[in-house]
Each structure stands twice: as structure tokens, then as C-alpha cells.
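Novice: Take this structure first; my questions come after.
Bear in mind that the values in this text are calculations on the coordinates, not laboratory data. Just so it is clear, the model here is predicted, and its values are computed rather than measured. Positions of Cβ are backbone-derived with ideal geometry, glycine not excepted, and every protein chain shown enters the neighbour counts.
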Amino acid sequence: MKLYQNIEIPETFDELADCVQKKHNSTIITEKSLENRNRFANMAKKFHLEANTLTNLVKENIEFLERKKECIFLFSAHQPNLLPYSGIVRKLTLMEALKIRLAATSSIPVISLFSISDEALPDRWVKNAQLPDVMTKDGCFGISNPEIKKKHHNRLTGYGKYTTKINSIPKPTPETLSTWIDRISSWIRITLKLIRRLACENGCQISNEQVNALFKNTKEIIEVLEDSYKQARNYADLNAFLLSKIINESFGYSTLFVRYSESKDILKDEISLLSHDYERYLEASKEALDKTNSSSSDIELAPFWYHCECGGMANLLFHKVESTNFYQGDCINCGKNHKFDIEQISSETGDFFSNISLRAIPFMIVYFEGLRPDLFVGGNAGLIDYYPQAKTVVGKLGTEWPVIGIWNPYDRYSGIGQLHAFLAYKETLPSEMKKKIFKVFQDKHSIVDYAINIGLKKTSQQWLDWLRNKNGNSHLESDVCLDSVFAGKLDQDFFEFLRRNLPSAPHRLTMGEEM
């Protein structure tokens, strides 16, 4: 077990599974939480019908939650990134591996739920995706949505250039979609031509069979993207549907997806309680900042944003004037001022709760209280930025804190971008160029890179095999070695290069071995 400030993080898959089982055994599930889960099942059914991913396994999980029965409940969430990077897909794979493991040792069903944060403000990963390319300035080949417009950086919110909710952004034009597909295809053709020449010069060959497998994989992921585009009604849906199609269809997982925008109303009692108990929440937040030695300029922000009619969001602050407590703030997109008397806000107040988006820590408070998950699969950024503070606040407010699972190492595989970097390194190059080459191995790339070079189903299977290998003792921080379509001498030379040039590479080349 690793301790980061006040957060315990299981280090092996076996340890994580044991922690989740123990957490479930000690958790008291309430009728309210079972009812909330039941209503989330309805929202999941709506999502999967619209995404066209209502598989038999998904139906079974929905029907189970509708019966309001006890289960081991696994939960995660993320904004709908463009052609999502592997870390998001890995969260869902970790939940699936745990589901398989726990189902084999427990008579209690295991359900996984993933919330799509479709009302978040975009960051650069919502606008951009990246593939490895040593010929570019920063070692990344970019796929971008030019229709997401920038505004000047907002120093108050820290959210930067994009001020419109993701689900208020229209899905890209057909021309933009065609541009993405053309750019991916061009990147493959150019890179493949270069590595075939360089491989030949180094006594290796890339066979026609390997090239055919590469293009077959490419055809599959392009079809998934095109199908998602047809089903989507906005930009958030496009990316969410793509993720669901990969997870529920290509990977064959039973994970349930819900839109945050549709499911938050289910937890309006929990949100209302947090809003009315704001001063206690504020006191707990200040104590958390002191305990974690953190600093924050947003300590008196409301627990949520308010949605403006323009598609942007108002950055509300808490105010107390004499005996009146209220939230007030300006929309960061159009500047309109919004003001709400806290005493007049209740779970029965019109559409108020339909027009808010919880901030990160309040999201954890509300969803942990409302759903009582046994596990929350998070990420390294959240661990560094706010989990320690969130745990202190959650504890002060009397909410259950779930097990936190994180699995976000580097994957090592011989894709076309990685092979190009490896073969280029053998050339006579300036030292600065060689430094840039290593950036290819230090970045994490879109799931599209895995789909092309490994195949979607094979990526899932190898991730699951890694986690479940060595009797479940796979180290969750160890890098993962994956087989690509380029099996053979070139692939062997590539991994030998990694072993010699990356400090911990010897540990990365044996599946599931602890570091």
C-alpha cells in the first residue's frame, strides 16, 4: 500500500481487489443509495439506446440495478476527450478486471458505472488528441477540433481559453470528420513508408501480412468513429459514444455509461444538502487546506457552476450580507450576472439543479454519498491536485470514502510511431534530436494508436492478462509490454533498445512482474 498524504493507494492488483472486497463488507448501503442506483440505471439505458451500445451484458447490469439489490459498486468518471487517450480507457479496463476477479470469489454481483462529465469546460484534451510522430516539433502528431473557439485566459477560474460547456458544442462538421480520417490515414502511410525503408537498412523486414493487419485495424477504428458520429447529437456525445462503442462492443465489457447532465438531478437532495450546509462545507475545506498544506484561491467559490443561457457557465461565489446567504457570479463566456438566495434553493426549486455542474471536490462528496461506491477509479492528476483535500472534507461531512484505484503506467509496444523513433535513433543525429526522439516514449497517446498497431480487442485482452497475471500481483505502476502487429526481429530489436536505454526497462519486459 502506498500513502500519498492521507490517501492510501493499493500498489498491486491483488491488493486493490482485497481492499475493494473489504470495503464492501464494511459499507452500510442505504435504501436511498439503492434507489439512486435504480434511477441511474434508467439514465444508463437511455444513454446506451442512443449510443446503440445496449448489449446483452449491459442490459443485464441495468436490470440488476433496477431490482435495487446489493452489489459491489465500482465507479469512475471523466470528461469526453477527443479520441480519448489510453488512460481513460485503462480506467474502464481496471474496473472490468476487478469485476472478473471479484465475481470469481464473491457471490455478490459486481457493477461498473462510468459518468461522462459532458457539462465540463473543455481542456486541451477535449479539443486535441495525439499520436506519436518523431518528425514533428514536439514528437506528437495532432488531431484537433478547430470548431472549439478560444477566449482570453480567465485568471479567476483558471480554466483557460475554452468557456463553453462540452455538451453545448455542436458535433464537428462532416468536413472536420473527413479531415481527421484523412490525417490519420496520411500519418500511417508516411510513417509506414519511412519505417519500412529504415527497417530494411537495419536488416529487418515489415511483411505484407503485417501491413494488411495494420490497415485492417485502422478500418475498424475508423468505422467505430464514423458510427459514433452518426449517432451523436453534440460534441460530447461523439466522444462519449466512441468510448462506449470501444468498451461495450469492441472490448465486450458490461460497464454502464451515464451522462452527468442527465444523472445529476437524481442526486439533487444530496446537492441541496451541501448547498444549504455551505458554511460547514467551507469550514471543512479550510481545515483540509491546512492539513494538506495546500493553497487555493477558490476557497469561497460555490460548490457548483451555474449554466448560463449562452452555453457558458457562471463562476458563483458565496456571499453573506447580514442574515442573507447567497451565490453570485458572472458567466465566464458572456459576462451575464447571476444571483441566487441560498435559502430559496431547494430540491423542489424549478430547474435550478438541472442548470448546475458540481466542482471536483463537491462532485466526490455528492456522488460518494448518493451512490456509496466501493471503489473510485481515479488518476494521478486528481491524486496530486485534490484527492487529499477531498478526503478530509468528505470525512468532516460524514460521507463514506471509497477505495481509490489508479492504474496509469506507460505501455510499451512497437507501433509505427514508436518504431520510427527507435530506427531514427540509430541514425547519425544531433543530441537535441535524440532527446526529442525519447519524448515519443514519454508521452501517452490516443487509444487510436493502440487500435491501429495492436487492435482494439487485443489491447483489451493484453491489459486484462497483465492485470490478472502472476496470481494478481501485477504492480499497478509497472510499465506494460504489449504485442503489436509487428512481431518478429524488428519488434525484438525495439524491446532490446528499450531495455538498454530506459532505466527501468528490464522490469517492463516480463508480464505482471513486480518492480
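Novice: Straight-line reach from K219: which aspartates and glutamates fall under 14 Å, measuring Cα to Cα and dropping same-chain residues less than 8 apart?
Specialist: Straight-distance partners of K219: D182, D227, D449.
Novice: Å³ per residue of the Cα convex hull, for the range 293-426?
Specialist: Numbers: hull volume 28.7 nm³, N = 134.
Looking at the range 293-426, the number lands at 214 Å³ per residue.
Novice: Nearest 10 degrees, 0 to 90: what angle lies between the long axis of helix 13-26 and the longest principal axis of the chain (Cα atoms)?
Specialist: For 13-26 against the chain, the angle is about 20 degrees.
Novice: Evaluate E = 1/(1 + (r/R0)^6) for S323 and L397, where r is the Cβ-Cβ distance and R0 equals 25 Å; express this FRET efficiency to the nearest 0.05.
Specialist: Step by step, r from the Cβ atoms, then E = 0.55.
Novice: Going by a 4.7 Å Cβ-Cβ cut-off, which cysteines of the chain have no partner at all?
Specialist: So, C19, C71, C140, C200, C204, C481.
Novice: Give me the net charge for the shell around L214: Cβ to Cβ below 12 angstrom, other residues only, Lys and Arg +1, Asp and Glu -1. Walk me through the numbers before you get to the answer.
Specialist: Working: positive: R189, R196, K216, K219; negative: E209, E220, D449.
Here the charged neighbours net out to +1.
Novice: Taking mean projected area of the Cα convex hull in nm² as the quantity of interest, determine which of [x] 38.6; [y] 24.2; [z] 33.2 was computed from the displayed structure.
Specialist: Calculated mean projected area of the Cα convex hull in nm²: the matching label is [y].
Novice: Per DSSP helix of 4 or more residues, -39500 (n - 2.57); summed, then divided by the residues of the chain. What does that give at 222 nm, rounded to the nearest 500? Provide the component values of the computation, followed by the final result.
Specialist: Details: 20 runs with 246 residues, N = 515.
Estimated from H runs of four or more residues: -15000 deg cm²/dmol.
Novice: If you filter the range 200-271 for chymotrypsin sites (Phe, Trp or Tyr not before Pro), then keep DSSP loop positions with at most 15 other Cβ within 10 Å, what is left?
Specialist: Details: sites: F215, Y229, Y235, F241, F251, Y253, F257, Y260; in loops: F251, Y253.
Qualifying residues, ordered by number: none.
Novice: If you don't mind, another one. Quick one: net charge of F141's neighbours, Cβ under 12 Å, K/R +1, D/E -1?
Specialist: It works out to a net charge of -2.
Novice: Another question about this same structure. Please give every one of the lysines within straight-line cross-link reach of K59, meaning a C-alpha to C-alpha distance under 19 Å, and leave out same-chain neighbours fewer than 8 residues apart.
Specialist: Correct list for K59: K45, K46, K68, K69, K99, K245.
Novice: Mind checking the alpha-carbon convex hull of the range 1-158 and giving the volume per residue in Å³?
Specialist: It is 206 Å³ per residue.
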